[in-house]
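The structure appears below as structure tokens.
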Amino acid sequence: MHALSRVLALGALMPAAGWRPAAAAMRGSAVAATMRRSTRAPAASLPRAMFSGIVEEMGRVESLAERTDMKLWDGTIGSGWELAVRGSTVLDGATQGCSIAVNGVCLTVVDFDAGSGVFRVGLAPETLRRTNLNPAALKAGDAVNLERALPADGRNSGHFVQGHVDAVGELVSLTPDGDSLWVVVKAPRSLMKYIVPKGFIAVDGTSLTVCDVDYAASTFSFMLIGYTQQHVVIPQKSAGLTVNLEADVIGKYVERSLAGLSERVAALEAKFGGGSTFST
């Protein structure tokens, strides 16, 4: 029997909990290597990707302005919009080029001052068009939800949030219900197919569970417990104001997969000349 097989057989006879075979008792460095617990790299050295929708802090907008001195890739100067936000927690471990979600929008930090807590991000035209991070909806002094990107081995207490906002929705009502807040949002009809009761949705970057959906009215609702009300920006807004919406990405992939399947089935039906054998 090979040495590794003997070790595995012995392991099956030993109690699982608390058993730590000493390296000195092992025979052969290869066997010792197979039994040695792997050392996981510290979180700080791991790449960060995606978000969880668990807001780390509320920051304050310092400025939102169009600049005419933006340096482009070829060294020329152009114009563009820049947002400056004051935070604290999200700058812990920050580097130039890292990602921070602002009201659920994944943005690249172009500059920051750890002393003052102010960081700056550039806003592309698509961001201005598709989100509420624009001069019509945001001004200096406004509160915004902030979250750092998750490390690869980080704990996800919300759901997989990409920071890629699908559209803005409109707050219809915010109604107290005990110590909770019942919130109704009107969403674009094109987004409603991804919103299901008890499913996930990110609203201004906050991971929330959908309570009810009214497809005819193009609205959905969710509830905020007291703790959440104190730590996100939604309760500070009123009916008629906008919120960023990102539907659960899983639904989008499922839709695309099913669309591809339907296309293949249709091709087979056309090839074999009839709809009785293959059906969508």
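The values are calculated or read from the model by the stated rules, or taken from the named source; none is laboratory data. This is a predicted model, so every value here is computed, not measured. Please note: Cβ atoms are built from the backbone with ideal geometry, for glycine as well, and neighbour counts cover all protein chains shown.
Tabulated values for the structure
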read-out	value
Any chance Leu224 is surrounded by 16 or more Cβ atoms within 10 Å (Cβ to Cβ) and in contact with a helix residue (DSSP H, G or I) (Cβ under 7 Å, 6 or more places away or on another chain)	yes
Some residue of segment 72-85 being under 21 Å from Ile54 (Cα atoms) and of a type in the set (Phe, Trp, Tyr)	no
Test: residue in segment 175-185 that is free of Cβ contacts under 8 Å to residues at least 24 places away in the same chain, assigned to a strand (DSSP E or B) and of a type in the set (S, T, N, Q)	yes
Wholly within segment 199-280, strands (runs of 3 or more DSSP E) carrying at least 1 residues that are among the aromatic types (Phe, Trp, Tyr), touching a Ser or Thr at 6+ places or on another chain (Cβ under 8 Å) and within 26 Å of Arg148 (Cα to Cα)	200-203, 219-224
One residue from Ile195, Ile234 being β-branched (Val, Ile, Thr) and out of contact with any strand residue (DSSP E or B) (no Cβ under 6 Å at 6 or more places or on another chain)	Ile234
Among the candidates Ala187, Ala167, residue that is surrounded by 15 or more Cβ atoms within 10 Å (Cβ to Cβ), within 18 Å of Cys106 (Cβ to Cβ), at pLDDT 90 or above and of a type in the set (A, V, I, L, M, F, W, C)	Ala167
Top-ranked residue in segment 55-85 [being aliphatic (A, V, I, L, M) and not in a strand (DSSP E or B); ranked as nearest to Lys139 (Cα to Cα)]	Val55
Test: Val232 is within 22 Å of Ser52 (Cα to Cα), touching a Phe, Trp or Tyr at 6+ places or on another chain (Cβ under 7 Å) and at pLDDT 95 or above	no
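Matching residues to (1) more than 24 Å from Ala247 (Cβ to Cβ); (2) within 19 Å of the chain's Cα centre (by Cα); (3) surrounded by 18 or more Cβ atoms within 10 Å (Cβ to Cβ):
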site: Trp81; (1), (2), (3): yes, no, yes
site: Ser88; (1), (2), (3): yes, no, no
site: Val109; (1), (2), (3): yes, yes, yes
site: Leu123; (1), (2), (3): no, yes, yes
site: Lys139; (1), (2), (3): yes, no, no
site: Leu150; (1), (2), (3): no, yes, yes
site: Asn156; (1), (2), (3): no, yes, no
site: His159; (1), (2), (3): no, yes, yes
